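The values are calculated or read from the model by the stated rules, or taken from the named source; none is laboratory data. Everything numeric in this text was worked out from a predicted model, so none of it was measured. So basically every Cβ, Gly included, is an ideal-geometry build from the backbone, and we count neighbours across all protein chains shown. For the accessible areas, the whole protein counts, side chains as well, though only heavy atoms, and no ligand, DNA or RNA atoms are used. Shrake-Rupley method; radii C 1.70, N 1.55, O 1.52, S 1.80 Å.
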Amino acid sequence: MKAKNSISYLLNNIDDSSAKPLRKRIGEHQAKALRAIFESVTQFPNRYLRENLAESLGLTPRTIQVWFQNRRQNLKCN
């Protein structure tokens with residue numbers, strides 16, 4: 001019987017139920033659509049625009065909001 005503090009015992013008995021889900025990256029099609037809105041419509045989408053974009057692109061409104069925040073910050077820094 002292996003000791004409970006041995007490396008092989010610990011590696012074989014890892015509980016993956018507490019592991020965080022992997023981040024999802026925005027696809028090229030989704031990024032193109034967000035860039036087009038950012039450049040031609042507004043840099044500050046309201047809630048209704050975020051919800052419509054999220055539904056049509058298969059993202060969450062929060063993801064849309066964070067994308068726009070990051071895009072504005074990147075413009076500010078460059």
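Provide Glu39, Glu51 ordered by accessible surface of protein heavy atoms (probe 1.4 Å), highest first.
On the way: Glu39 135, Glu51 80 Å².
The ranking, largest first, comes out as Glu39, Glu51.
Give the peptides 26-35, 69-78 in descending order of average Cβ contacts within 10 Å, highest first.
Values: 26-35: 13.7, 69-78: 9.8.
Descending packing order for the listed peptides: 26-35, 69-78.
I want to check the label-to-label distance for Ala36 and Tyr48. Put each point 7 Å from Cα in the C-beta direction and report it in nm to one decimal.
Between Ala36 and Tyr48, the simple spin-label model gives 2.1 nm.
Measuring with a 1.4 Å probe in the full set of protein chains, what accessible area per residue, in whole Å², belongs to region 23-66? Each step should come with its number before you reach the end.
On the way: 3380 Å² over 44 residues.
Value for region 23-66: 77 Å² per residue.
Carbon and sulfur atoms: what percent of the 1.4 Å accessible area of region 27-78 do they account for? Provide the component values of the computation, followed by the final result.
Numbers: 1820 of 3730 Å².
Its accessible area is 49 percent carbon and sulfur atoms.
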